[in-house]
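K.L.:
Before I ask anything, let me first share the structure, which is written out below as structure tokens.
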Amino acid sequence: MKAFAFVAALVLAPLSAHAADWALTPPAAEGVSAAKLEAMSAAIKAGEFQKITSVLVARHGKLVFERYYEGDAETRRNTRSATKTVTGMLAGAAIARGALPGVDAPIKAYLKDRPPAANPDPRKDKVTVEDLLTMSSVAECDDENQFSRGNEERMYLIEDWVGFYLDLPVRGFPDWNPRPEASPYGRSFSYCTAGVVTLGQVVQNATKTPLPAFADAVLFKPLGIEGPKWQMSPTGLAMGGGGLGLRSRDLLKLGQLYANGGQWEGKQVLPADFVKASVTPHANARENTDYGYLVWLQTFNGHKAWLMSGSGGQKVAVVPDLDLVAVITTANFGVRQPHAISEKLLAEHILAAVEK
């Protein structure tokens with residue numbers, strides 16, 4: 001695959017690169033109802049959405065709502081699996097710099113000098129960057145199945161998380177589980193944190209730079225994101241699959257970056273073609289939900305949305321046809337259906353507040 005081309009045109013007016021410079025714009029100036037947003041805030045304070053910790057909304061690249069219900073603008077939020085989208089961004093940045101030749105690059109070439117993997121199979125040797133970006137590799141790895149050998153909780157019990165993924169057997173497809181060729185987009189989705197951890201190692205090895213340092217250089221510093229708090233594996237690998245601590249405004253910047261087609265303040269931070277590919281369906285995750293490159297693709301109130309998503313209902317939602325980006329952070333851990341809670345907040349309050 002050819003390296004992704006840069007595109008010069010700026011899609012949206014960018015937010016400032018420095019959080020201290022952000023000024024709230026009156027919602028009405030950007031076609032958003034202030035009264036409806038205030039009603040939402042009152043509902044949050046009343047506990048109707050359990051424990052929401054922050055909500056930020058940008059429209060037409062302008063910050064129109066920012067409210068904190070726990071902590072403040074400097075609080076680092078545990079993004080949980082929303083971190084996975086950041087790892088996807090870093091894969092795109094590695095491709096842009098030629099460190100990876102493209103998403104079709106086999107990962108085996110970047111995982112040399114490792115002990116022989118268990119359950120050897122030539123199909124495992126062909127796993128590509130795109131397989132990990134789309135949660136559709138051949139590995140028997142399913143975080144949503146407690147019996148899966150690759151379940152995320154089993155990974156944390158051992159020291160070498162990348163080795164955990166590489167040792168997994170090839171998954172089977174009984175009659176009731178469609179094979180890739182019979183699945184939408186030709187891929188069978190299986191949510192696998194271990195695969196994204198491994199993708200982080202691939203990016204680190206390909207760029208010959210520790211993942212946090214690479215992220216600072218190619219993503220965070222260009223966006224004015226400071227002090228990210230990475231979680232580390234027992235072997236010292238930054239956890240690309242979850243737990244990255246970022247401010248709510250930092251999350252808004254990442255969403256705005258994708259809304260801008262990879263541009264920030266007129267500079268192409270991520271390749272436009274990679275961003276476009278990231279928000280294009282590559283696998284069907286579940287009913288009414290597709291999956292791009294570590295991005296969830298859903299529809300709310302008839303509007304297509306691209307989402308970073310993490311447990312507890314952490315959400316960064318880009319709604320392109322409304323020119324809107326929203327951040328919802330929560331402490332809804334252990335709460336029943338936390339994603340449904342955040343999605344209701346997004347659909348019934350944030351999107352419903354857009355008037356023109």
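Quick note: the coordinates plus some simple rules give every number you see, no bench work behind them. Everything quoted here is computed from the prediction, not taken from an experiment. For neighbour counting, all protein chains shown are included, and Cβ atoms are generated from backbone atoms with ideal geometry for every residue, glycine included.
K.L.:
What number of residues within the range 149-169 are in contact (Cβ under 8 Å) with a residue 40 or more places away in the chain and crowded, with 16+ Cβ neighbours inside 10 Å?
P.N.:
Qualifying residue count for the region: 11.
K.L.:
Another question about this same structure. Checking Phe173 against (1) assigned to a helix (DSSP H, G or I); (2) in contact with a strand residue (DSSP E or B) (Cβ under 8 Å, 6 or more places away or on another chain), which single condition isn't satisfied?
P.N.:
Of (1) assigned to a helix (DSSP H, G or I); (2) in contact with a strand residue (DSSP E or B) (Cβ under 8 Å, 6 or more places away or on another chain), only one is false for Phe173: (1).
K.L.:
Looking at the range 307-339, which of its residues are touching a Ser or Thr at 6+ places or on another chain (Cβ under 8 Å) and closer than 15 Å to Lys84 by Cβ?
P.N.:
The answer is Met308, Ser309, Gly310, Ser311, Gly312, Gln314, Lys315, Val316, His339.
K.L.:
Among the listed residues Glu66, Glu30, which satisfies the condition of being closer than 19 Å to Asp323 by Cβ and touching a His at 6+ places or on another chain (Cβ under 6 Å)? Don't jump to the end; show me each part of the working.
P.N.:
Values: Glu66 fails: touching a His at 6+ places or on another chain (Cβ under 6 Å).
Sole residue among the options that is closer than 19 Å to Asp323 by Cβ and touching a His at 6+ places or on another chain (Cβ under 6 Å): Glu30.
K.L.:
Could you go through the range 73-96 and let me know if any residue there is assigned to a strand (DSSP E or B), among the charged types (D, E, K, R) and in contact (Cβ under 8 Å) with a residue 40 or more places away in the chain. Steps first, answer last, please.
P.N.:
Just the residues of the range 73-96 that are assigned to a strand (DSSP E or B), to begin with: 77-78.
Remaining after also requiring among the charged types (D, E, K, R): 77.
Within this subset, residues satisfying the condition of being in contact (Cβ under 8 Å) with a residue 40 or more places away in the chain are 77.
Yes, there is a match, as at least one residue in the range 73-96 is assigned to a strand (DSSP E or B), among the charged types (D, E, K, R) and in contact (Cβ under 8 Å) with a residue 40 or more places away in the chain.
K.L.:
Quick test for you: out of Leu246, Leu237, pick the one residue that is among the hydrophobic types (A, V, I, L, M, F, W, C), out of contact with any His (no Cβ under 8 Å at 6 or more places or on another chain) and surrounded by 21 or more Cβ atoms within 10 Å (Cβ to Cβ).
P.N.:
Being among the hydrophobic types (A, V, I, L, M, F, W, C), out of contact with any His (no Cβ under 8 Å at 6 or more places or on another chain) and surrounded by 21 or more Cβ atoms within 10 Å (Cβ to Cβ) holds for just one of Leu246, Leu237, which is Leu246.
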